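Novice: The structure follows.
The values are calculated or read from the model by the stated rules, or taken from the named source; none is laboratory data. Because the structure is a prediction, the values reported are computed rather than measured. Reconstructed Cβ throughout: ideal geometry from the backbone, glycine too, with neighbour counts over all protein chains shown.
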């Protein structure tokens, strides 16, 4: 398996623009996570899906953030409108049942 | 409040110089203690899961141990390729992981 695949790897956008991050989890995994990593706050869970259903979105910073999982092999994280403070590395991770999570390579987002 | 604290923040080692990293946690109802390795510009890579006090797991030069309040990652005779940031995470509930800030290890040849 190719592991968790994220795209794009890098994204530079202007403040106010919409940003969409994409994730393909490992085949057969039923749990998907979106994390954000910054120097100040480390790794933070944004949202958790189980069997394509959002279970916990308490980590989503505000209404500008939204996430979808239309099927078992694809998820998106959207920020609209983006702000400079959203600059961070965003990771997608997937796991099987309650096992260990496997992370993608991340998307480095810079909002200028 | 559930919390995970790692120490030291940074560790510089000479090749072959063994050392240990600490991860202390105050998580009620721990469902597992995870160790990950993260290289610059990459995602965390899973290393170990420990579930109960007294448990130990090994992989090459790394050995992870768990007590009721902390976990240790021992690096024996490290090589430069062991240089990375090591993250620990405590799992509580069915899915929530609380990550520590990490220990950045640099091994000089």
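Novice: Out of curiosity, is residue A:75 touching a strand residue (DSSP E or B) at 6+ places or on another chain (Cβ under 9 Å), at pLDDT 95 or above and farther than 17 Å from residue A:111 by Cβ?
Specialist: Yes: the conditions hold for residue A:75.
Novice: Go through region B:79-107 and report how many residues are closer than 18 Å to residue B:40 by Cα and either part of a strand (DSSP E or B) or in contact (Cβ under 8 Å) with a residue 40 or more places away in the chain (or both).
Specialist: Residues meeting the conditions: 16.
Novice: Would you call residue A:72 more than 11 Å from the chain's Cα centre (by Cα), buried (at least 16 other Cβ atoms within 10 Å of the Cβ) and either away from every other protein chain (no Cβ under 14 Å) or free of Cβ contacts under 8 Å to residues at least 60 places away in the same chain (or both)?
Specialist: Yes, satisfied.
Novice: Okay, moving on. Any chance you could count how many residues in region B:8-19 are surrounded by 14 or more Cβ atoms within 10 Å (Cβ to Cβ) and under 14 Å from the mean Cα position of the chain (by Cα)?
Specialist: Final tally of qualifying residues: 2.
Novice: Got at least one residue in region A:6-16 being within 13 Å of chain B (Cβ to nearest Cβ), modelled with pLDDT of 95 or more, over 28 Å from residue B:3 (Cα atoms) and buried (at least 16 other Cβ atoms within 10 Å of the Cβ)?
Specialist: There is at least one residue in region A:6-16 that is within 13 Å of chain B (Cβ to nearest Cβ), modelled with pLDDT of 95 or more, over 28 Å from residue B:3 (Cα atoms) and buried (at least 16 other Cβ atoms within 10 Å of the Cβ).
Novice: Now, a different point. Within region B:62-78, can one find any residue that is within 14 Å of chain A (Cβ to nearest Cβ), surrounded by fewer than 17 Cβ atoms within 10 Å (Cβ to Cβ) and in contact (Cβ under 8 Å) with a residue 40 or more places away in the chain?
Specialist: no
Novice: Within region A:76-85, identify whether any single residue is in contact with a helix residue (DSSP H, G or I) (Cβ under 7 Å, 6 or more places away or on another chain), surrounded by 15 or more Cβ atoms within 10 Å (Cβ to Cβ), farther than 20 Å from residue B:38 by Cβ and in contact (Cβ under 8 Å) with a residue 12 or more places away in the chain, and answer yes or no.
Specialist: yes
Novice: When you scan region B:37-51, do you find a residue that is within 14 Å of chain A (Cβ to nearest Cβ), under 19 Å from residue A:98 (Cα atoms), surrounded by 14 or more Cβ atoms within 10 Å (Cβ to Cβ) and in contact (Cβ under 8 Å) with a residue 60 or more places away in the chain, even just one?
Specialist: Looking for residues that are within 14 Å of chain A (Cβ to nearest Cβ), under 19 Å from residue A:98 (Cα atoms), surrounded by 14 or more Cβ atoms within 10 Å (Cβ to Cβ) and in contact (Cβ under 8 Å) with a residue 60 or more places away in the chain, one finds none in region B:37-51, hence no.
Novice: If I filter region B:27-34 for residues that are within 12 Å of the chain's Cα centre (by Cα), within 19 Å of residue A:45 (Cα to Cα), outside any loop (DSSP other than H, G, I, E, B) and within 14 Å of another protein chain (Cβ to nearest Cβ), do I get at least one hit?
Specialist: Yes: one or more hits.
Novice: Would you please name the residue that is farthest from the other protein chains (Cβ to nearest Cβ), looking only at residues in region A:94-103 that are under 8 Å from residue A:31 (Cα atoms) and assigned to a strand (DSSP E or B)?
Specialist: A:94
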